[in-house]
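Data first, discussion second: the structure below is written as structure tokens.
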Amino acid sequence: MTDLYAVIGNPIHHSKSPLIHHAFAQQTQQDMDYRAVLAPLDGFAATVQDLITLGLRGANVTVPFKLQAYQLAQQVTERAQDAGAVNTLIFQQDGIIGDNTDGVGLVRDIVQNMGVQLEGKRILLIGAGGASEGVLHPLLACHPRLLIITNRSMDKAVNMVKKIEARDEMMLVSVDAYAFDELHQHQFDIVINATSSGLQDERLPLPPQIFAPNCLAYDMMYGKLTPFMQMAQQQGAHITDGLGMLVEQAAEAFYLWRGVRPQTSPVIAMLRS
Ligand code: ATR
């Protein structure tokens, strides 16, 4: 019997996840189907229950349900705890397991696909919402020299730093929060935009000299050249959108469900074309 999976979100019609997982299934010869499911804004838990009743084996969770998925899971992995959110559910006989593959997806895209090492580097992480929280720990685990969080609302960036400081093992990395206008004296090797500013084509008030020579500017949004990417490009940075991260987080979820690691580069190339 074909195993069933889904991605749950609201809205969900734009999701590329079915395309990605079908490509993985074909490549690895897995007998599975993967659908996009629209859950009502007040009906996430009921939707998950319906899917379990229908026999689904697992699901991805996207905006705006990642926190609810975290609360719904009976067991959460360490990386889901670090992120405070769940993007992958595994439905087992004895309950629902919640994991988070977003951070590992970003790190793999930067390190393996872009060929950029994070160890010893100076990283600027822009944003202090769910997307930023989801990638912070996996970035720190790669031992950058420095990681600065900047955000329009400074209190949220400061809170993220405080949470990190409460965890001893991460203190090997120098972590701090700066306001946008405190970045004038600083340069970074990797600048990651984890804000949703690109959605509205809004410019971030970043000082232009933050991009060090050979800098990688990464926008976690995908599908368009955002004002952040345009600015970084004008400053000579290498730029990329978040399509590779999308495929890599999907590959990690696929591995959790199927025990098989698909090749991501042909799928990234297929989506780019
Ligand atoms: P997500 O899950 O995408 O991270 P979120 O938790 O609502 O969504 O967080 C959105 C992030 O984008 C926040 O860091 C937000 O900044 P504030 O905390 O100051 O609201 C940031 N953001 C969104 N639009 C922005 C803009 N036009 N300029 C700067 N930051 C923006």
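The values are calculated or read from the model by the stated rules, or taken from the named source; none is laboratory data. These numbers come from a predicted model, not from an experiment. Cβ atoms come from the backbone with ideal geometry, glycine included; neighbour counts cover every protein chain shown. Note: areas computed on protein heavy atoms with side chains; ligands, DNA, RNA excluded. Shrake-Rupley method; radii C 1.70, N 1.55, O 1.52, S 1.80 Å.
With charges set only on the Cβ (+1 for Lys and Arg, -1 for Asp and Glu), what does the dipole of the chain come to about its Cα centre, in debye to the nearest 20?
Once rounded to the nearest 20, the dipole reads 360 debye.
Could you sort GLU202, GLU133, GLU119 by their accessible area in this structure, using a 1.4 Å probe and putting the largest first? Please report the intermediate quantities before stating the final value.
Working: GLU202 90, GLU133 50, GLU119 130 Å².
Sorted descending by solvent-accessible area, the residues read GLU119, GLU202, GLU133.
Please report the antiparallel percentage of DSSP beta bridges with both residues in the chain, rounded to the nearest 5.
Details: 8 of 43 bridges.
Bridges in the chain are about 20 percent antiparallel.
Calculate the dipole size of the stretch 3-100 relative to its Cα centre from +1 charges on Lys and Arg beta carbons and -1 charges on Asp and Glu beta carbons; express the result in debye to the nearest 20.
On the way: 5 positive and 9 negative charges, 50 e Å.
That gives the stretch 3-100 a dipole magnitude of about 240 debye.
Running Debye on the stretch 91-163 with equal point scatterers at the Cα sites and no solvent, what base-10 log of I(q)/I(0) appears at q = 0.14, 0.20, 0.21, 0.27 Å⁻¹?
-0.51, -0.86, -0.92, -1.26
If you fit an axis through the alpha-carbon atoms of helix 44-53 and take the longest principal axis of the Cα set of the chain, what angle between them do you get, 0 to 90°, nearest 10?
Tilt relative to the chain: about 40 degrees.
For ARG57, tell me the accessible area in Å² from a 1.4 Å probe, rounded to the nearest 10.
Solvent-accessible area, nearest 10 Å²: 110 Å².
Mind jotting down the distance between the C-alpha centroids of the stretch 98-165 and the stretch 27-47, whole Å?
So the separation of the two Cα centres works out to 28 Å.
Can you tally the lysine pairs in the chain where the Cα-Cα distance is under 26 Å and the two residues are eight or more apart, or on different chains?
Count of close lysine pairs: 9.
Could you please put HIS13, HIS238 in sequence from largest to smallest accessible area, using a 1.4 Å probe?
Largest accessible area first, the residues go HIS13, HIS238.
Angle between the Cα long axis of helix 130-140 and the longest principal axis of the chain, 0 to 90 degrees, nearest 10?
70
Check which residues have an amide H placed less than 5 Å from VAL7's amide H, if you skip close sequence neighbours.
Result for VAL7 returns ARG35, ALA36, VAL37, ASN60.
Please list, in order along the stretch 105-119, the HN-Hα scalar couplings obtained from phi with the Karplus expression 6.51 cos²θ - 1.76 cosθ + 1.60 (θ = phi - 60°), rounded to whole Hz, x for Gly and Pro.
x, 5, 4, 5, 5, 5, 7, 7, 7, 8, x, 10, 6, 9, 4
Determine the per residue accessible area of the stretch 162-273 with all protein chains present and a 1.4 angstrom probe, expressed in square angstrom. Please list the in-between numbers first.
Working: 5350 Å² over 112 residues.
Result: 48 Å² of accessible area for each residue.
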